[in-house]
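Worksheet for the structure shown next.
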Amino acid sequence: MSKKSDSLLERIRNGMELTNTEKLNLIVGLSIPSILAQVTSVLMFFIDASMVGHLGAKASASIGLIESTTWLMGSLMGAFATGFSVQVAHFIGANDFQKARQVFRHALICGVFFSILLVTIGIGIHHSLPYWLGGGADIASDSSKYFLIFSLTLPFILLFHISASMLKCAGDMKTPSMMSIINCIFDIVFNYLFIYILHLGVVGAAIGTSLSFIITSGVMAYLAIFKSKILALRIDHIPFVWVWGYLRNALKISAPIAVQNVLMSGAQIVSTLIVAPLGNIAIASNSFAITVESLCYMPGYGIGDAATTLVGQTHGAGRMDLCRNFAHLTVRLGMLVMAFMGLVMYIFAPELMSLLSPIDSICELGTTVLRIEAFAEPFFAAAIITASVCVGAGDTLKPAIINLCSMWFVRLTLAYWLSQSMGLKGVWIAMAIELTFRGGMFLIRLYWGNWLKGFRIQKI
């Protein structure tokens, strides 16, 4: 499948036509490894939550409390990597591999400074963060320690993001997928060791996850920097020259995504503040339900990765009709897949929740909110994949505005209002309504918007 996908991508770069069957095969060929990578990434959090969940509600709540903040840090690193990787996809689509490698070099250098900044912020706020989020003294200590260990691991997580993003935009979905699976295996082994054998509890979960990232990020970077057929830096024999234009391009692409991610994660934090007064059972149920739902929408993100690669390379090649065609095909496929996943989640919600916690009250509440959310999954797919399509074309500002307006003015307003009378169920009803609204807005953007004309990278 990997060789066939490489062959089809090469045909696109060389201006050759593809049949509808070949287009679908290419989408599926790129999506399946990326879906596996996304699913195994979520499984890592799922396993962490399951292992900690068996330690009791306090341990579960201590991680659930700061989960939205760790996702914020992760989303910032993802935005950083995207700013450079989209340029790489465009240059590869234009058959300019040398400039693609130069952009990769710039990403690695800038990543050093960006990761240092994130680590400094994480260390500075780790003690106060649980209290800012409304957590009680009974869980604040474990939350603080977990976040500190996570913060110290950020340079390795960023390296993982950069390497994976570059390989995906070059059309290599297999390597990031394999490394994500290995990362998950290491996470299981290390978490079992530190949580159960060494009895370190929540701190053990943080150490286990950190060690798995430290090992796999090094291997991923090695494969991208030295072994990739397109990106291996040793291929170049010209002196490295710093080009500010690559950084400006990255900022133009990344800045709207980063601002969006900060405000979206800020919205998640506000959502945590809405849930926190509902008690530890609600906090734990909310956290576990989010983890379970992640397994449902990860296929959407996997297809979204394929959409970014295909749109990025066809856009860079100047083949706008094919670019638009791939955009529509990936969105339709994603909505179909996530509709099926929503059905699976609705049916098996009790069993999935029981894997994470042995506490009946947590499982019952988690099952209820998951079944509410299941109906919104097709529209969530539309939002995820259309946003990925726009990213591939360099159109990041208007999708960011759609995401922010939908989250802040629809979800949070409804969540606060409904939580007063319906508790956690009200929060998730608000989420389902908002995702349906957001998906509809993105479909309008896809079919009637000017996303193809949004941005062209500076060809330096």
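Throughout, read-outs are computed from the coordinates displayed, never taken from laboratory work. As the structure is a prediction and not an experimental result, all values here were calculated from the model. So basically every Cβ, Gly included, is an ideal-geometry build from the backbone, and we count neighbours across all protein chains shown.
Assuming a viscosity of 1.002 mPa s and a temperature of 20 °C, what translational diffusion coefficient in µm² per second does Stokes-Einstein assign to segment 263-419, Rh being the Kirkwood radius over Cα pairs?
It diffuses with D of about 127 µm²/s by this estimate.
Over segment 1-138, what portion of Cα pair distances is larger than 20 Å, expressed as a whole percent?
For segment 1-138, the share of Cα pairs beyond 20 Å comes to 67 percent.
Set the bar at 29 Å for Cα to Cα. Now go through Lys99/Lys174; Lys58/Lys425; Lys174/Lys425 and name every pair that lies beyond it.
Over 29 Å apart, Cα to Cα: Lys174/Lys425.
Select from Ala415, Cys405, Val427 the residue farthest towards the positive end of the dipole of segment 2-453; place +1 on Cβ of Lys and Arg, -1 on Cβ of Asp and Glu, and compute about the Cα centre.
Cys405
If R0 is 35 Å, what FRET efficiency do you get for His127 and Glu10 from their C-beta distance, rounded to 0.05?
0.10
Provide the per-residue ³J(HN,Hα) series for segment 290-301, in order, calculated from phi with Karplus coefficients 6.51, -1.76, 1.60 and θ = phi - 60°, each as a whole number of Hz, with x at glycine and proline positions.
Couplings: 4, 5, 5, 5, 4, 5, 6, 8, 4, x, x, 5 Hz.
How far, in degrees from 0 to 90, does helix 320-356 lean away from the longest principal axis of the Cα atoms of the chain, to the nearest 10?
Its long axis makes an angle of about 20 degrees.
Which peptide among 223-231, 384-392 comes first, and what is the full order, when sorted by highest mean count of other Cβ atoms within 10 Å?
Ranked from most to least packed, the peptides come out as 384-392, 223-231.
Counting pairs of alpha carbon atoms under 8 Å apart in space and at least six apart in sequence, what relative contact order in percent does segment 2-453 give?
Relative CO of segment 2-453 lands at 22 percent.
Specify which residue in the list Leu370, Pro176, Ile214 is farthest towards the positive end of the charge dipole of the chain, using unit charges on the beta carbon of Lys, Arg (+1) and Asp, Glu (-1), about the Cα centre.
Ranked along the dipole, the leading option is Pro176.
Given the pairs Lys23/Lys229; Lys4/Lys227; Lys3/Lys398, which are separated by over 25 angstrom at their Cα positions?
Lys3/Lys398
Can you show me the helix-derived [θ] at 222 nm for the chain, built from DSSP H runs with n ≥ 4 at -39,500 (n - 2.57) apiece and divided by the number of residues, rounded to the nearest 500.
Result for the chain: -28000 deg cm²/dmol, rounded to the nearest 500.
Along the charge dipole of the chain, which of His199, Ala282, Val119 sits closest to the positive end, that is, farthest toward it, with unit charges on the beta carbon of Lys, Arg, Asp and Glu (+1, +1, -1, -1)?
Val119
Taking 35 Å as R0, compute the FRET efficiency from the Cβ-Cβ separation of Phe409 and Asn20 and round it to 0.05.
0.30
Given segment 151-229 reduced to its alpha-carbon atoms as identical point scatterers, what log10 I(q)/I(0) does the Debye formula return at q = 0.14, 0.23, 0.25, 0.26 Å⁻¹?
With no solvent term, the Cα-only Debye profile gives -0.47, -0.96, -1.06, -1.11.
Note down, for segment 2-453, the three equivalent ellipsoid semi-axes (square root of 5 times each alpha carbon gyration tensor eigenvalue), biggest first, whole angstrom.
35, 25, 20
With +1 on each Lys and Arg Cβ and -1 on each Asp and Glu Cβ, how big is the dipole of the chain about its Cα centre, in debye rounded to the nearest 20?
Here the size comes out at about 1580 debye.
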